[in-house]
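Structure record follows, encoded as structure tokens.
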Amino acid sequence: MLLVSDAVRAAGLGAGKSELGGQRVTVRGGRVTLPDGTLAGSVLTLDQALRGALAAGVPLPEASAMLAAVPAASLGLTDRGRLAPGLRADLVVLGADFAVEEVYVAGQPVLERS
């Protein structure tokens, strides 16, 4: 099993109007819809997916693999999805509450919260 998200760029911005691929969308209750009510995505982020898996009783090592190793392997990406010498070193540092604190891509920081 793997965890994925179809989050749109409005993720983290709260309820309201946004844009997706040139179309106006509305964010409400974790759903993103077009003006006619068609579902256009969600605002679920992967740290939220992790917290949900943990709340459902999935142990942290398994939930972590469901977010990184399993998706990478399913896409045939052998240079990421786990930490080992010679791999890309894409990683997310989470706090005690499992919220994102830092993000690294290819070993370089792209987000550091103080």
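The values are calculated or read from the model by the stated rules, or taken from the named source; none is laboratory data. All of these numbers come straight from a predicted model, not from anything done at the bench. In this analysis, Cβ positions are derived from the backbone assuming ideal geometry, glycine residues included, and neighbour counts consider all displayed protein chains.
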(request) From the list V105, V100, V70, pick out the single residue that is surrounded by 11 or more Cβ atoms within 10 Å (Cβ to Cβ), in contact (Cβ under 8 Å) with a residue 12 or more places away in the chain and touching a strand residue (DSSP E or B) at 6+ places or on another chain (Cβ under 7 Å). (result) V100
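Filter region 2-19 down to residues that are crowded, with 16+ Cβ neighbours inside 10 Å and without any contact (Cβ under 8 Å) to a residue 40 or more places away in the chain, then give me how many there are.
5
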(request) Please state which of the following conditions D36 fails to meet, knowing it meets all the rest: (1) in a loop (DSSP other than H, G, I, E, B); (2) among the charged types (D, E, K, R); (3) modelled with pLDDT of 95 or more; (4) under 15 Å from the mean Cα position of the chain (by Cα). (result) (4)
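Please go through region 62-110 and give me each residue that is in a strand (DSSP E or B) and of a type in the set (S, T, Y), ordered by number.
The one that is in a strand (DSSP E or B) and of a type in the set (S, T, Y): Y104.
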